[in-house]
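For reference, the structure discussed in these notes is given below.
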Amino acid sequence: MNKEINLKERTNCPSCHEERLNTNKVLHAKEEWSLIQCEQCSFVYMPIVPAYERMKKEFSWERNFNSSKKVSILKKNRRFIKSLIKRNKLLYLLNKYCLKGNVLDIGCGSGIKFNDIPERYIPYGIDISEGSAREADVSFQKRGGEALCAPATEVVSKFGNNKFSAAILRSYLEHEHQPFEVLKALKDTLVLDGIIIIKVPNYGSLNRKFRGDNWCGFRYPDHVNQFTPKTLSEMVKSTGYRIIKFNFLDKQPTSDNMWMVAKTNI
């Protein structure tokens, strides 16, 4: 495999854009992949990532997920019981901060999350996996929307300005090679009081510190960014948003994930 074609080097920090130095400390590594920390802003990221084309075919979410080690029956049962008693946080946040309108889901997968979202929201999506985007497009078109297969940096602006009442970035930013650029471009597509809903793994969690390299938030090579509450807040603010919900319960140190809601900073 030609690494010049299939690998991409990120020579600058994806958050503050500081030039990467040879002195950047390698925090974690597995096979050919590594995570380093920016000396300027402390953002944790992979300096070498698979090219987008390779992500589409070789490292798509469904392919990695299906080929991962089998989950025990006990763990499956625990997850099922937990899903029954746990509220749908995405739906809760949409209902609270966005009454209706066009909703863009970046990293939409097959579009299954919209099965539980009311008809007053018109679904649009972007996904890098060809199979998932195709499946989502069929579903979304039935509700008046559509899904595209491409890197978000290439297609977000094609939707035009003032298109979306909300954008969902659930389990997406950790995969994106250019998270800063996507957030900036996304801002123009939002209506005046539009919101973004973000969910990412919490690299600052106690479980990550306890589990070390066995932490569930490490998934090589498609989790190319790792966020702490501090670095997530800094990136969102620096791209022109105002955080409206990011309290203690949204970023608990005992939780492996974080949720945030932000608006365009006008």
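Taken together, the values in this text are just the output of simple stated rules run on the coordinates, not laboratory data. Note that the structure is a prediction, hence the values are computed from the model and not measured. Counting neighbours? That spans all protein chains shown, and the Cβs are built from the backbone with ideal geometry, glycine included.
Using only the Cα atoms of segment 113-191, build the gyration tensor, take square roots of its eigenvalues as a ≥ b ≥ c, and label the shape rounded, prolate or oblate: rounded if a/c is under 1.5, else prolate if a/b is larger than b/c, else oblate.
Verdict is oblate for segment 113-191.
Going down the table (K96/K251; K89/K209; K113/K237; K89/K263), which pairs top 24 Å between alpha carbons?
Long pairs (Cα-Cα over 24 Å): K89/K209; K113/K237.
Under a plain spin-label model, where a point goes 7 Å from the Cα along Cα-to-Cβ, how far apart in nm are V155 and A29?
3.6 nm
Using 7 Å Cα-to-Cβ label points, what is the Q178/L7 separation (nm, one decimal)?
2.2 nm
Run the simple label-point estimate for S238 and R134 please: 7 Å along Cα→C-beta, distance reported in nm.
Here the answer is 3.9 nm between the modelled labels.
About its Cα centre, how strong a charge dipole does segment 3-264 have in debye, to the nearest 20, once Lys and Arg get +1 and Asp and Glu get -1 at the Cβ?
Using only the charged Cβ atoms, the result is roughly 1280 debye.
For segment 3-264, just say rounded, prolate or oblate: build the C-alpha gyration tensor, square-root its eigenvalues into a ≥ b ≥ c, call rounded for a/c under 1.5, and beyond that prolate if a/b exceeds b/c, oblate if not. The partial results should precede the final answer.
Working: a/c = 1.33, a/b = 1.23, b/c = 1.08.
Verdict is rounded for segment 3-264.
If you rank S171, S129 by fewest surrounding Cβ atoms within 10 Å, what's the result? Show your work: numbers first, answer last.
Details: S171 17, S129 22.
Fewest-to-most Cβ neighbours within 10 Å comes out as S171, S129.
What length, rounded to one decimal in nm, is gained on full extension from R20 through to E119, with 0.36 nm per residue of separation minus their alpha-carbon distance?
The span from R20 to E119 would gain 31.1 nm if fully extended.
Can you work out ³J(HN,Hα) from phi for every residue in segment 132-137, in order, using Karplus 6.51 cos²θ - 1.76 cosθ + 1.60 and θ = phi - 60°, giving whole Hz and x for Gly and Pro?
These are the phi-based 3J(HN,Hα) values: 5, 4, 5, 5, 5, 4 Hz.
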